[in-house]
Amino acid sequence: MRRIFITTICLIASICVSSSAETNQDRMTWFRDARFGMFIHWGLYAIPAGEWKGKQIPGIGEWIMNRAKIPVAEYEQLAKQFNPVDFDAERWVRTARAAGQKYMVITAKHHDGFAMFHSKVSKYNVYDATPFHRDPIAELAAACKRNHMPLGFYYSQTQDWHEPDGNGNTWDFDPAKANFDKYLHEKAIPQVRELLSNYGPVALIWFDTPRIITEAQSKELADVVHTLQPKCLVDGRIGNDKGDYRSTGDNEIPVKVLDYDWETPVTTNDTWGFKTSDTNWKSAQTLIRQLVDVASKNGNYLLNVGPTSKGDIPKPAIERLQQAGAWLKTNGAAVYGVKPSPYPYEFNWGSVTAKGDRLYLGVVEWPKNGSFELYGVSNRVRKAVVLGEKNSPLKFKQSKTDGHDALRLEVPSNAPNPDVSVIALDLEGTPSVNTELVQQPDGRVTLNCALGKLPAETKLKVSNRGITSGWLDTSEKVQWDFQLYRPGSYQVLARTTPQRGGGGWETSLWEQGNELQVTIGDKKISHALGNDGKIADARNPLTPDIKSQLGVVSLQPGAHHLTVEALKIGSERKLGVRLREIELVPVSE
Ligand code: FHN
């Protein structure tokens, strides 16, 4: 009796607290600590796995219905074959847990309109329409509960290629006749209600491709979520800025720390839904590097797996997850619950995270000469260790070289960890660093457009990745102030980025005929942008940059001001100057 009374009081108290006082800040706490989640794209599309009627269909696997313009009546037939006999929810959750992932998000309904849960709203669901006759979402929710793993649901709120009133199917239905509001109220919202009512606490709903959804509709949807489950997060792709946190573009890692909550969804290969022919797996090192980098910029890393139609997570994905899990066992302190880097810019060698009086240096490019240097830390360093190397604090020296703070660590000549080695610096006090743009110990100065100044009246936009767009006028410019420490001759490089083509990066477009002028003090160089080679961006390996050598300048140490302008703008494609960064590289390199 007493127990029932206490339980009832607790329940009432918790409902009262959550429904009346739950704010975005309260909801976000677990998400900020988690940093690493598993995304699962699983649906009927895993059966064709990229191939339709003997033909390979280009693009991402879960889009096959759209890319091959498969009529609803034909695509629906796939349901009769869906029987994932290997599906074992417990195994998936354990895989995520062993990988060090702190939440899972599964496609409850993707754009194809097929519900992967037992829905009473539409018979087009995995329980009613397949021989499997089970509810994998219910099984996953139960396994997550057993393993204390927060579970979220992906729900495609706007695109639904199965419904005449949903968005996106132009091959079966006439978009002019679609009544989206009807679809929203008769399918999307009722199904979202089911997901929030029948599967226990839901960590988040991952809406996607908002497209035509209006502000009022996005708000209504977010309100439905927060009313039914006040603690449930809503991702930014609900549209119209109604999410609890923002989502970057797919596979997109911003170039700087963002001062809001965000998440990036990332593919392990190039597809989300399983595709037999896609073997372009990112290395475990790339994934780990990206994870640390995302944390260093205040984001969460939602790494996707696309299970097969039998219910197996592909082996190459499992292997990479295992490697990430092993790495996190030793180095998790540099990822979970961390604060972003105190530096506003990226380092070529890796990424920085912070916690309390500690800085974590996630080093990918380990120095070969036994010495690692970092500029700009003004705290006194108390101790430096490599995580996982218990017995050996690193020797170090702090100095004021030419008036600036320099830290030199003696490090082993081989990287302690083949993926990312983490140096933990214990500081006196919370990290205090010089946030100016400065020459780095390797002699380079990197000036990304996201950290530059634009004219007051400008049409230029700079993306999260630091790439300019709308640079179609010669009056535009980007400017930076920076400190140089060493005199010498520097090659001035421009890194521009092609525009993604309709068929992906293989068909990317790059404008010919742009000519840039760089001014540093009284020195000017100008050059037409040539293609002097591609540079893979280690943080965004899908999106290569093009390097152009603009010329050599000789500079003295001190404060400098650099301006880049376009003297000529190629007009063939009207892409304008897609500049990412200007880099000064010592010519002796
Ligand atoms: O169109 C979808 C795509 O299929 C996949 O679900 C990704 C995951 O972020 N979101 C959309 C494209 O951005």
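The values are calculated or read from the model by the stated rules, or taken from the named source; none is laboratory data. Being a predicted model, the structure only gives us computed values, none of them experimental. Please note: Cβ atoms are built from the backbone with ideal geometry, for glycine as well, and neighbour counts cover all protein chains shown.
For the stretch 257-284, what are the residues that are more than 16 Å from the ligand (Cβ to nearest atom) and under 24 Å from residue 233 (Cα atoms)?
Of the residues in the stretch 257-284, the ones more than 16 Å from the ligand (Cβ to nearest atom) are 257-261, 276-277, 279-281, 283-284.
Passing the criteria: 257, 258, 259, 260, 261.
Pull up the stretch 213-248, narrow it to residues that are closer than 16 Å to residue 156 by Cα and either aromatic (Phe, Trp, Tyr) or surrounded by fewer than 18 Cβ atoms within 10 Å (Cβ to Cβ) (or both), then point me to the one that is nearest to the ligand (Cβ to nearest atom). Please lay out each step first, then the result.
Step one: of the stretch 213-248, the residues closer than 16 Å to residue 156 by Cα are 213-214, 217-222, 224-225, 233-240, 242-243, 247.
Checking which are either aromatic (Phe, Trp, Tyr) or surrounded by fewer than 18 Cβ atoms within 10 Å (Cβ to Cβ) (or both) leaves us with 214, 219-220, 240.
Numbers: 214: 20, 219: 22, 220: 22, 240: 17 Å.
Ranking the qualifying residues of the stretch 213-248, first place goes to 240.
For the stretch 185-212, which positions are in contact (Cβ under 8 Å) with a residue 40 or more places away in the chain and within 16 Å of the ligand (Cβ to nearest atom)?
204, 205, 206, 207, 208, 209, 210, 211, 212, listed by residue number.
Select, from 266, 225, the only residue that is in contact with a Leu (Cβ under 7 Å, 6 or more places away or on another chain) and more than 30 Å from residue 332 (Cα to Cα). It would help to see each step written out before you state the result.
Values: 266 fails: more than 30 Å from residue 332 (Cα to Cα).
Only one candidate passes the filter, namely 225.
Could you tell me which numbered condition residue 104 fails, if it satisfies all but one of (1) among the aliphatic types (A, V, I, L, M); (2) within 22 Å of residue 79 (Cβ to Cβ); (3) within 16 Å of the ligand (Cβ to nearest atom)?
(2)
Determine which single condition residue 338 fails, assuming it passes every other condition in (1) closer than 29 Å to residue 374 by Cβ; (2) in contact with a Leu (Cβ under 7 Å, 6 or more places away or on another chain).
Going through the list (1) closer than 29 Å to residue 374 by Cβ; (2) in contact with a Leu (Cβ under 7 Å, 6 or more places away or on another chain), residue 338 breaks only (2).
Residue-wise test of (1) polar (S, T, N, Q); (2) closer than 19 Å to residue 33 by Cα; (3) out of contact with any helix residue (DSSP H, G or I) (no Cβ under 8 Å at 6 or more places or on another chain).
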residue: 220; (1), (2), (3): no, no, no
residue: 231; (1), (2), (3): no, yes, no
residue: 236; (1), (2), (3): no, yes, yes
residue: 246; (1), (2), (3): no, yes, no
residue: 252; (1), (2), (3): no, no, yes
residue: 262; (1), (2), (3): no, yes, no
residue: 265; (1), (2), (3): no, yes, yes
residue: 269; (1), (2), (3): yes, no, no
residue: 272; (1), (2), (3): no, no, no
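Let me spell it out: the conditions are (1) part of a loop (DSSP other than H, G, I, E, B); (2) in contact with a strand residue (DSSP E or B) (Cβ under 7 Å, 6 or more places away or on another chain); (3) more than 23 Å from residue 472 (Cβ to Cβ), and residue 538 meets all of them except one. Which number is the exception?
(2)
Are there any strands (runs of 3 or more DSSP E) wholly within the stretch 400-468 with 2 or more residues that are closer than 15 Å to residue 482 by Cα, and if so which? Before the answer, list the steps.
Values: elements: 404-410, 421-427, 445-448.
Fully inside the stretch 400-468 and qualifying: 445-448.
If you scan the stretch 23-63, which residues turn out to be within 16 Å of the ligand (Cβ to nearest atom), of a type in the set (Gly, Ala, Ser) and outside any strand (DSSP E or B)?
Matches in the stretch 23-63: 43, 46, 49, 50, 59, 61.
Does residue 172 qualify as being at pLDDT 95 or above and assigned to a loop (DSSP other than H, G, I, E, B)? Quick ask: steps written out before the conclusion?
Details: at pLDDT 95 or above: yes; assigned to a loop (DSSP other than H, G, I, E, B): yes.
In short, yes.
Among the residues of the stretch 148-183, count how many are without any contact (Cβ under 8 Å) to a residue 40 or more places away in the chain and away from the ligand (no atom under 16 Å from the Cβ).
Taking the stretch 148-183 first, the residues without any contact (Cβ under 8 Å) to a residue 40 or more places away in the chain are 148, 164-165, 170, 173-183.
Now narrow it down to the ones that are away from the ligand (no atom under 16 Å from the Cβ): 148, 164-165, 173-183.
Counting residues in the stretch 148-183 that are without any contact (Cβ under 8 Å) to a residue 40 or more places away in the chain and away from the ligand (no atom under 16 Å from the Cβ) gives 14.
Assess whether residue 89 counts as being away from the ligand (no atom under 16 Å from the Cβ) and at pLDDT below 95. Give the steps one after another, and end with the answer.
On the way: away from the ligand (no atom under 16 Å from the Cβ): yes; at pLDDT below 95: no.
No: the conditions fail for residue 89.
Quick check, is residue 495 closer than 30 Å to residue 60 by Cα and either aromatic (Phe, Trp, Tyr) or assigned to a loop (DSSP other than H, G, I, E, B) (or both)?
Details: closer than 30 Å to residue 60 by Cα: yes; either aromatic (Phe, Trp, Tyr) or assigned to a loop (DSSP other than H, G, I, E, B) (or both): no.
When the stated conditions are applied, residue 495 does not pass them.
Determine whether residue 547 is in contact with a strand residue (DSSP E or B) (Cβ under 6 Å, 6 or more places away or on another chain) and free of Cβ contacts under 8 Å to residues at least 60 places away in the same chain. Before you say what the answer is, go through the steps one by one.
Working: in contact with a strand residue (DSSP E or B) (Cβ under 6 Å, 6 or more places away or on another chain): yes; free of Cβ contacts under 8 Å to residues at least 60 places away in the same chain: yes.
It is true that residue 547 is in contact with a strand residue (DSSP E or B) (Cβ under 6 Å, 6 or more places away or on another chain) and free of Cβ contacts under 8 Å to residues at least 60 places away in the same chain.
Would the stretch 116-135 turn up any residue that is among the aliphatic types (A, V, I, L, M) and within 20 Å of residue 237 (Cβ to Cβ)? Spell out the reasoning first.
Going through the stretch 116-135, the residues among the aliphatic types (A, V, I, L, M) turn out to be 116, 121, 126, 129.
Then keep just the ones that are within 20 Å of residue 237 (Cβ to Cβ); that gives 116.
Yes, the stretch 116-135 contains a residue that is among the aliphatic types (A, V, I, L, M) and within 20 Å of residue 237 (Cβ to Cβ).
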